[in-house]
Amino acid sequence: DDDDDDDDEEEKENEWFNIFALHQNRDFGRGSKNCVHESMIPEWMDLVVWGHEHECNITPTESSVGTFRITQPGSSIATSLTEGESLTKHVGILDIRGSQFRLLPVPIMCVRSFALGHLCLKDSGLDNEDLRIDENMAEVLGEQVRKLIESARDNSRLMKNVRANETYNDHNGGNNDVDVDVDVDGGDDKAITKISKFHIEKPERVLVRLKVEHSGFSTIHNQRFGCQFVNEVANPSDILLFHRKRSTTTSSSSSSSKHKKNKNANTNDNQSQ
């Protein structure tokens, strides 16, 4: 009888599919108190939908504890202009059959295109002793930003073509095997916008972010630099993100000086005794 009761309880447990949704920091080196660790989540969960994080990792991955899977949809638009947000945004369609499931990724088409780039000023051929260094730097950075703008617009055109095909198929009997060659830069784009429920206002104004490693160089005024791209990007006042390369020698020298101070303190204590 006890064995039968255990079997019944196991069957009842298998009738449920357990989903846990939370909106907290994940453990990405933030420290033990600034995030939720996967080990804190009950092992009997089947799927965890992890919110709050901006990067889209829609495909379920196995947890560190190995008893459940995690999907991270990410933000629906680019909000923090980081590297992870330059990837295509997705939502997912979840299909559950008993204790088994599958998650079908669906790309979000109504997202303003975003491109991110990197530049090290030491490798750009600039001379920091030049009296016209600010002008030369603005010229080099401007060229890199224009490349990012063109890259973002190319991606936007590609997404428009995909969206146009889907819109055409939805309004023609759902035949998804038909590919439509749409002039997205011409009048066809206006027709797509009329049928579509949502559209991006001024889609030609893309999002760009250029991370500039400026060790040995000064910076230039971000807002003044962005004035030349006012009609081309959606974020003209914060296109550039300046940063310096972290020096390993500085950290090692500081740690050695601390060691010397501690050693001297211990010596003084021994002498006083």
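Observations on the structure shown:
- With protein chains left intact and a 1.4 Å probe, residues in segment 194-243 average 56 Å² of accessible area per residue.
- Per-residue extension of 0.36 nm, minus the Cα-Cα distance of Asp127 and Val162, leaves a gain of 8.1 nm for this segment.
- Per residue accessible area in Å² of segment 54-128, where ligands, DNA and RNA are left out and the probe is 1.4 Å: 55
- With a Förster radius of 30 Å applied to the beta-carbon distance between Arg97 and Glu204, the computed FRET efficiency rounds to 0.10.
- Protection proxy ranking, peptides 110-116, 47-53, average beta carbon neighbours within 10 Å, highest first: 110-116, 47-53
- Residue list for segment 96-135, given a label point 7 angstrom along the Cα-to-Cβ vector of His221 and an amide N cut-off under 17 Å: 133-135
- Shown for segment 5-147: the carbon plus sulfur share of the solvent-accessible area, taken with all protein chains present and a 1.4 angstrom probe, equals 48%.
- Equivalent-ellipsoid semi-axes of segment 22-79, from the Cα gyration tensor, Å, largest first: 19, 15, 8
- Options Asn34, His52, Ser124, ranked by Cα towards positive dipole end of segment 4-154, top entry (Cβ charges): Ser124
- Cross-link table Lys89/Lys147; Lys33/Lys211; Lys33/Lys122; Lys160/Lys245; Lys33/Lys147, entries beyond 32 Å C-alpha to C-alpha: Lys33/Lys122; Lys160/Lys245; Lys33/Lys147
The values are calculated or read from the model by the stated rules, or taken from the named source; none is laboratory data. This structure is a prediction, so every number in the text was calculated from the model and none was measured. So basically every Cβ, Gly included, is an ideal-geometry build from the backbone, and we count neighbours across all protein chains shown. To get the accessible areas, we keep the full protein, side chains included, count just its heavy atoms, and leave off ligands, DNA and RNA. Shrake-Rupley method; radii C 1.70, N 1.55, O 1.52, S 1.80 Å.
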